[in-house]
Every structure is written in C-alpha cells, then in structure tokens.
Amino acid sequence: MRTQRGLSLVGFVLVAGLVAFAALVAFRVAPAVIEYYTILKNIKAIVQGGEARGATVTDIRKAYDRRATIDETPSLSGADLDISKEQGDVMIGFSYSRKVHLFGNVNVCLDFEGSTGPSKVRDLAQ
C-alpha cells in the first residue's frame with residue numbers, strides 16, 4: 001500500500017495566497033516598468049534619429065514632450081531631462097521615482113534612471 005502524497009488544503013491555500021500576492025505585485029508594478037522602457041526608447045530615438053543634432057536644449061526638451069504626449073508617459077517631462085554634450089555627442093539622462101499603491105497603506109517606491117550614454121555598472125563594493 002502506498003502512502004498518500006500531495007498538497008493538503010492548508011498547503012494549497014498558502015501556495016495560492018503567495019501566487020496571488022506575487023501576481024498582484026507584478027500587475028501593479030508592470031505599468032511603471034513599461035513606462036520606464038518607453039521613456040528610455042524615446043530619448044534614444046531622439047539622439048539616434050538626428051533630432052538632437054544641432055538642436056538647442058529647448059528643442060530637445062520639446063521633442064521629448066511631443067513623444068511623451070503621444071506615448072502617454074506622465075512621470076517625466078522634458079524639463080526633467082539632464083541634457084549635456086560629451087565628445088560632440090548629445091547625452092540625455094533622467095532619474096525619477098514612482099510610488100505604486102499595492103493595497104491598504106502598502107506602497108512600493110520604484111527608482112528609475114537611464115541615459116543615452118554607455119551603461120554604468122554600479123560598483124557593489126562601495
């Protein structure tokens with residue numbers, strides 16, 4: 001005779017609760033992450049598409065605002081962009097925080113930053 005194996009009702013409820021919580025967090029955080037990648041795509045398109053070539057800082061900010069209006073990315077405006085010129089190339093960077101409500105009084109704070117320049121790997125030893 002074999003011994004019975006499997007998940008008890010209590011075990012099933014606990015696993016289902018953990019899966020539901022993970023799904024809740026994923027569904028609430030996903031729009032903020034998608035928005036971040038949209039913002040990053042927009043600033044890279046401005047630099048690589050030639051809109052930034054020979055343009056003033058104000059022109060670059062307006063170009064970003066037009067793209068942000070189309071893509072509906074309200075977390076960042078053209079005024080929030082850090083625009084500089086390094087070695088003849090225009091560099092656009094940004095940094096912002098977004099607070100996502102989960103439930104009750106529980107929120108998640110997400111910090112985003114990006115740039116059109118080479119990616120900087122943080123030194124974990126610091």
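For this structure, a couple of remarks:
- If the chain linking N105 and A79 were pulled fully straight, counting 0.36 nm for each residue of separation and taking away their Cα-Cα distance, it would gain 6.2 nm.
- Under the Karplus curve 6.51 cos²θ - 1.76 cosθ + 1.60, θ = phi - 60°, whole-Hz ³J(HN,Hα) for the stretch 21-38, x wherever Gly or Pro sits: 5, 4, 5, 4, 4, 5, 5, 7, 8, 3, x, 5, 5, 4, 4, 4, 5, 5
- For the stretch 55-116, the set of trypsin sites (Lys or Arg not before Pro) satisfying both a DSSP loop assignment and a count of at most 12 other C-beta atoms within 10 Å is empty.
- Angle of helix 57-71 to the longest C-alpha principal axis of the chain, folded into 0 to 90 degrees and rounded to 10: 40°.
- Each of F12, C109, G50 was placed along the dipole of the chain (beta-carbon charges, centred on the mean Cα), and the one lying farthest toward the positive end is F12.
- Cross-link partners for K44 among the aspartates and glutamates, with Cα-Cα distance under 13 Å and sequence neighbours closer than 8 places in the same chain left out: D89.
- Added length on full extension, which subtracts the Cα-Cα distance from 0.36 nm per residue, R53 to V19: 7.4 nm
- Relative contact order %, the stretch 34-115, counting alpha carbon pairs below 8 Å whose residues are six or more apart: 24
- Listed candidates (1) 1.22; (2) 1.35; (3) 1.45 - label of the one calculated as Rg/Rh (Cα atoms, Kirkwood Rh): (1)
- Net dipole in debye of the chain [+1 Lys, Arg Cβ; -1 Asp, Glu Cβ; about Cα centre; nearest 20]: 540
Read-outs throughout are calculated quantities, based only on the coordinates presented, and are distinct from any laboratory measurement. Note that the coordinates shown come from a computational prediction; the quantities given were computed from them, not determined experimentally. All Cβ positions, glycine included, derive from the backbone under ideal geometry; neighbour counts span all protein chains shown.
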